[in-house]
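Asks: Please read through the structure below; I'll follow up with questions.
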Amino acid sequence: MPLIESTPATLALWAVIGYLLGSIPFGMVLARMMNLGNLREIGSGNIGATNVLRTGNKTAAALTLLLDAGKGAAALLLARATTGHEDAAQIAGLAAMLGHCYPVWLGFKGGKGVATFLGLLFALHWPVGIGACIAWLVGAGLSRISSMGAIVAAAASTFLIMGLGASRALILGVILTLLVFWRHRENMRRIKAGTEPKIGQKSA
């Protein structure tokens with residue numbers, strides 16, 4: 001039974017909460033706490049785990065990955081548990097993804113959203129999350145390119161949602177996939193040109 005009535009005000013509230021959770025730039029926070037330098041001046045300048053790895057600190061990169069995934073999952077699961085409504089949960093999750101990609105604290109210049117995307121898939125329906133992670137591992141493992149893994153995982157996610165019993169999340173899944181593609185448009189151009197850096201390699 002729903003705990004809170006699903007109203008426009010409730011959905012708007014969870015959109016704000018999701019956005020604020022998603023906008024926490026854990027990569028930059030950890031880099032500063034661990035004296036790793038300014039991520040904007042390292043590698044690709046991105047705030048995600050892949051660029052944190054370019055500092056040479058694997059612990060910081062792993063923590064960034066977990067925290068960025070966790071904030072997406074937390075936004076969705078908190079909204080679901082508090083309201084009992086899947087629409088509020090999905091809106092909170094989408095807002096968390098947007099918060100990571102376009103955080104107000106960083107002039108709306110955030111990360112690519114891959115970890116947050118995967119965390120959201122786990123929270124939506126854990127088999128989909130596992131499938132997307134396997135797709136990422138295959139794409140990244142064969143190419144040694146992190147962004148290739150992200151593109152493969154995003155492309156696979158819609159089919160996983162349809163095939164693994166999570167069709168109620170199909171619209172959200174499509175939106176998230178398109179957002180991942182959009183955030184990786186420059187990476188796709190570099191992959192095509194053969195200039196995309198390998199995992200752990202500094203960007204040109």
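The values are calculated or read from the model by the stated rules, or taken from the named source; none is laboratory data. These numbers were taken from a predicted model, which means no experiment stands behind them. Ligands, DNA and RNA are stripped out before the accessible areas are found, and what is left, the full protein with its side chains, is counted by its heavy atoms. Shrake-Rupley method; radii C 1.70, N 1.55, O 1.52, S 1.80 Å.
Asks: Relative to the longest principal axis of the chain, what angle (0 to 90°, nearest 10) does the C-alpha long axis of helix 114-124 take?
Replies: That works out to roughly 30 degrees.
Asks: Mind checking the angle between helix 170-183 and the chain's longest principal axis? C-alpha axes, 0 to 90 degrees, to the nearest 10.
Replies: With both axes taken from Cα atoms, the answer is about 20 degrees.
Asks: On full extension of the chain, what length is gained from Ala9 through Asp87, given 0.36 nm per residue of separation minus the C-alpha to C-alpha distance?
Replies: Values: separation 78, 0.36 × 78 = 28.08 nm, distance 1.26 nm.
Length difference between fully extended and current span is 26.8 nm.
Asks: Okay, moving on. Leaving ligands, DNA and RNA out of it, report the carbon-plus-sulfur percent of the accessible area of the chain at a 1.4 Å probe. Could you put the intermediate results ahead of the total?
Replies: Numbers: 6950 of 9990 Å².
It is 70 percent, rounded to a whole number.
Asks: What is the Cα coordinate range of the chain on the first, second and third principal axes, sorted by size from largest, in whole angstrom?
Replies: 52, 37, 26
Asks: With θ set to phi - 60° and the Karplus curve 6.51 cos²θ - 1.76 cosθ + 1.60, what are the ³J(HN,Hα) couplings of the stretch 52-62 in order, to the nearest whole Hz, using x for Gly and Pro?
Replies: Rounded to whole hertz, the list is 4, 4, 5, 6, x, 9, 5, 5, 4, 5, 5.
Asks: Additional query: Using a 1.4 angstrom probe on the protein heavy atoms only, could you order His184, His125 from most to least accessible area? Working shown, then result.
Replies: On the way: His184 5, His125 55 Å².
Largest accessible area first, the residues go His125, His184.
Asks: If you don't mind, another one. Nearest 500 deg cm²/dmol is fine: what mean residue ellipticity at 222 nm does the chain get from its DSSP H runs of n ≥ 4 alone, each adding -39,500 (n - 2.57), divided by its residue count?
Replies: On the way: 10 runs with 140 residues, N = 204.
About -22000 deg cm²/dmol.
Asks: Send over the per residue convex hull volume for the stretch 81-177, Cα only, as a whole number of Å³. All intermediate terms of the calculation are to be shown ahead of the outcome.
Replies: Values: hull volume 8.6 nm³, N = 97.
Residue-normalised Cα hull volume stands at 89 Å³.
Asks: Each residue of the stretch 100-107 in order: what ³J(HN,Hα) in whole Hz does its phi give by Karplus 6.51 cos²θ - 1.76 cosθ + 1.60, θ = phi - 60°, with x for Gly and Pro?
Replies: 5, 6, 9, x, 4, 5, 10, x
Asks: Against the longest principal axis of the chain, how steep is helix 146-163, in degrees 0 to 90 to the nearest 10, with axes from Cα atoms?
Replies: 20 degrees
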